[in-house]
Amino acid sequence: MLRVFVLRKADVVLIVLFLIAIVIGATSLYYALNLADAIGNLSGKIEGVEAGIKGLEGKVGDLWKEVFGKPPVTPPPLEGQILRIGLVLPLSGPNAPFGLRAKWGCEWAAEKINEAGGILGAKIQLFVEDSAGDPKVAVSATEKLITVDKCQVVRVSHLSSNILAAMEITEKYEIPLVTITGSADDITMKGYKYIFRIGPNSTMASLDDIRFAMEYIKPKRVALIHEPGPYGTAIKKAWIKLIEELKPGWEIVAVETYSLDTVDFRPLLKKVMDTKPDILFVYPFLVDGSLIVKQFRELGFNIPICVSAACSVIDFIKLVGRDALGVFVGVEYWADRNYPDPKLIREMAIECWNRYKACLDKDFMAGYIGIYIIAKAVEQAKSLDPKKIRDALATIHIDVPFFGKDLHFYPNGQFTWTYHMAQVQYARPDEPWQVDGLTFHTVYPPPYNSSTPIIGLKP
């Protein structure tokens, strides 16, 4: 018996949808298989095109070399970019001579680097602010350089108080601060990540002063006069600690300080000299140091006197005159430096003198070499990002023929700066950096020295 199935309308709809799904699935599978083949063919064609491009590049390079004599030059990775370096310097007030020479050193280095094509194509632009030696001004100037001028690196010069204040700002904004000298030990003892000191710390300076006296003066009784600020206080602490550690057999017979407005140091000198020291160490700034030495001579004292690197500038001899003869002065850099390349150092010193009528001294060199090292760090980082520059500074190791070998920063940010002893002696005819026939000669240690100390030399 024939059975007749009657489909409901809903059943018909479902069957139709099912058939449509089968058709769509089959069609999709067909095209997917053909698309895979097409992609495979296209991939092979792309590889062929890439090979063709490489071959074409080689032919273009060969053609360029044939026409111009050299292969085409790939643009440097930082071409067209600007390395913005901010300078916070004492350009007014009593420390202006130091700030001005540091500024010249920075400008000279930046000019030479830019003339040579820059740093991987990037050019250096300097932004200068006058701190007038005031820590509060240094703070506001540093903040402006970072937030307004968008500097990727900041440099603060000389006064430890200014650097200690400004480094709070650079640490907050994570901007490298590369100092221009500044000797207080605290600068690199805070554990800050973005501080890099170009120059010796108080301990390094005191150590070389003490070693020199041990070797050449051989005193039994020693006395110290220091300025009252962070610089002088740090030097005093380091000096006393090192004498205790080295045990040279010295008796410390006097340690004295003074107020910054002192102009008559005779009472203080008489008090110290009544203790009968064999040598007097003095850690002042330029003006007070000049007054101390001049009045020391006026009072007729004849023992060796050793003053700090703050006085290792030609201005010291101008202020003291012939009474400077025979004075020992700590130096961080001087034009007669005999290592590592005395010929190159001499050429730089002559060029510096002819251009600025300034000696290639610690201020000039700290400014100059700092820019040079920052440039090397940017080159190593291949970036102008402050964090990457900071990381490069922390790992850099370079040889600099006018300064030294394997120069680098220790983990705390202290630079491998060498400290020396100089003496005011009669200038040689080929030394234009002289006053009344006097200049500084580096006398310690070898191989840096160009002369030997003359004990008993005086006006």
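The values are calculated or read from the model by the stated rules, or taken from the named source; none is laboratory data. The model shown is predicted, which means the values in this text are computed figures rather than measured ones. Neighbour counts run over all protein chains shown; Cβ positions are idealised from the backbone, glycine included.
Going by what's in this entry, would V313 be described as in contact (Cβ under 8 Å) with a residue 12 or more places away in the chain, at negative phi and touching an Asp or Glu at 6+ places or on another chain (Cβ under 6 Å)?
Details: in contact (Cβ under 8 Å) with a residue 12 or more places away in the chain: yes; at negative phi: yes; touching an Asp or Glu at 6+ places or on another chain (Cβ under 6 Å): yes.
Taking the combined requirement at face value, the residue satisfies it.
Does S161 fit the bill of being closer than 17 Å to I371 by Cβ, touching a residue at least 60 places away in the same chain (Cβ under 8 Å), of a type in the set (S, T, Y) and in the same structural domain as I369 (by TED's automatic domain parsing)? Break it down into steps so the answer makes sense when it comes.
On the way: closer than 17 Å to I371 by Cβ: no; touching a residue at least 60 places away in the same chain (Cβ under 8 Å): yes; of a type in the set (S, T, Y): yes; in the same structural domain as I369 (by TED's automatic domain parsing): yes.
Criteria not met by S161.
A quick yes/no check of all residues on (1) in contact with a Pro (Cβ under 6 Å, 6 or more places away or on another chain); (2) part of a strand (DSSP E or B):
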site: L91; (1), (2): no, no
site: W104; (1), (2): no, no
site: A109; (1), (2): no, no
site: I113; (1), (2): no, no
site: Q125; (1), (2): no, yes
site: T142; (1), (2): no, no
site: L145; (1), (2): no, no
site: S161; (1), (2): yes, no
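Pull up the range 276-286, narrow it to residues that are of a type outside the set (D, E) and more than 12 Å from S308 (Cα to Cα), then point me to the one that is farthest from the chain's Cα centre (by Cα). Before you say what the answer is, go through the steps one by one.
Quick first cut of the range 276-286, residues of a type outside the set (D, E) only: 276-277, 279-286.
Checking the rest, the ones that are also more than 12 Å from S308 (Cα to Cα) come to 276-277, 279.
On the way: K276: 41, P277: 38, I279: 33 Å.
Once the filter is applied, the top-ranked residue is K276.
Within the bounds of the range 187-194, is there any residue that is among the aromatic types (F, W, Y), assigned by TED's automatic domain parsing to the domain that holds P386 and either without any contact (Cβ under 8 Å) to a residue 12 or more places away in the chain or in a loop (DSSP other than H, G, I, E, B) (or both)?
Step one: filter the range 187-194 for residues among the aromatic types (F, W, Y), giving 192, 194.
Those left that are additionally assigned by TED's automatic domain parsing to the domain that holds P386: 192, 194.
Of the ones still in play, those that are also either without any contact (Cβ under 8 Å) to a residue 12 or more places away in the chain or in a loop (DSSP other than H, G, I, E, B) (or both) are 192, 194.
Within the range 187-194 (the criterion being among the aromatic types (F, W, Y), assigned by TED's automatic domain parsing to the domain that holds P386 and either without any contact (Cβ under 8 Å) to a residue 12 or more places away in the chain or in a loop (DSSP other than H, G, I, E, B) (or both)), the answer is yes, since at least one residue qualifies.
Regarding T147, is this residue without any contact (Cβ under 8 Å) to a residue 60 or more places away in the chain and within 30 Å of D391 (Cα to Cα)?
Against the criterion (without any contact (Cβ under 8 Å) to a residue 60 or more places away in the chain and within 30 Å of D391 (Cα to Cα)), T147 qualifies.
Give the residue, chosen from G326, G321, that is surrounded by fewer than 20 Cβ atoms within 10 Å (Cβ to Cβ), on the phi > 0 side of the Ramachandran plot and not polar (S, T, N, Q).
Of the residues listed, the single one that is surrounded by fewer than 20 Cβ atoms within 10 Å (Cβ to Cβ), on the phi > 0 side of the Ramachandran plot and not polar (S, T, N, Q) is G321.
Looking at (1) among the hydroxyl-bearing types (S, T, Y); (2) surrounded by fewer than 22 Cβ atoms within 10 Å (Cβ to Cβ); (3) under 28 Å from D208 (Cα atoms), which one does S383 not meet, given that it meets all the others?
Result: S383 passes all but (3).
Tally the residues that are in contact with a strand residue (DSSP E or B) (Cβ under 8 Å, 6 or more places away or on another chain) and crowded, with 17+ Cβ neighbours inside 10 Å, restricting the search to the range 106-122. Give the derivation first.
The initial filter retains those residues of the range 106-122 that are in contact with a strand residue (DSSP E or B) (Cβ under 8 Å, 6 or more places away or on another chain), namely 106-107, 110, 113-114, 118-119, 122.
Add one more test, that the residue is crowded, with 17+ Cβ neighbours inside 10 Å, and what stays is 106-107, 110, 113, 118-119, 122.
Of the residues in the range 106-122, 7 are in contact with a strand residue (DSSP E or B) (Cβ under 8 Å, 6 or more places away or on another chain) and crowded, with 17+ Cβ neighbours inside 10 Å.
Provide a single number: the residues in the range 389-416 that are in a loop (DSSP other than H, G, I, E, B) and touching a strand residue (DSSP E or B) at 6+ places or on another chain (Cβ under 8 Å).
5
Identify the single condition in (1) in contact with a helix residue (DSSP H, G or I) (Cβ under 8 Å, 6 or more places away or on another chain); (2) surrounded by 18 or more Cβ atoms within 10 Å (Cβ to Cβ); (3) assigned by TED's automatic domain parsing to the domain that holds A109 that T395 does not satisfy, given that it satisfies every other one.
Answer for T395: the failing condition is (2).
Need at least 1 residues that are of a type in the set (S, T, Y), at pLDDT below 95 and assigned by TED's automatic domain parsing to the domain that holds E227 per element, so show me which strands (runs of 3 or more DSSP E) inside the range 245-347 make the cut, counting only ones lying wholly within it.
Filter on the range 245-347 gives an empty set.
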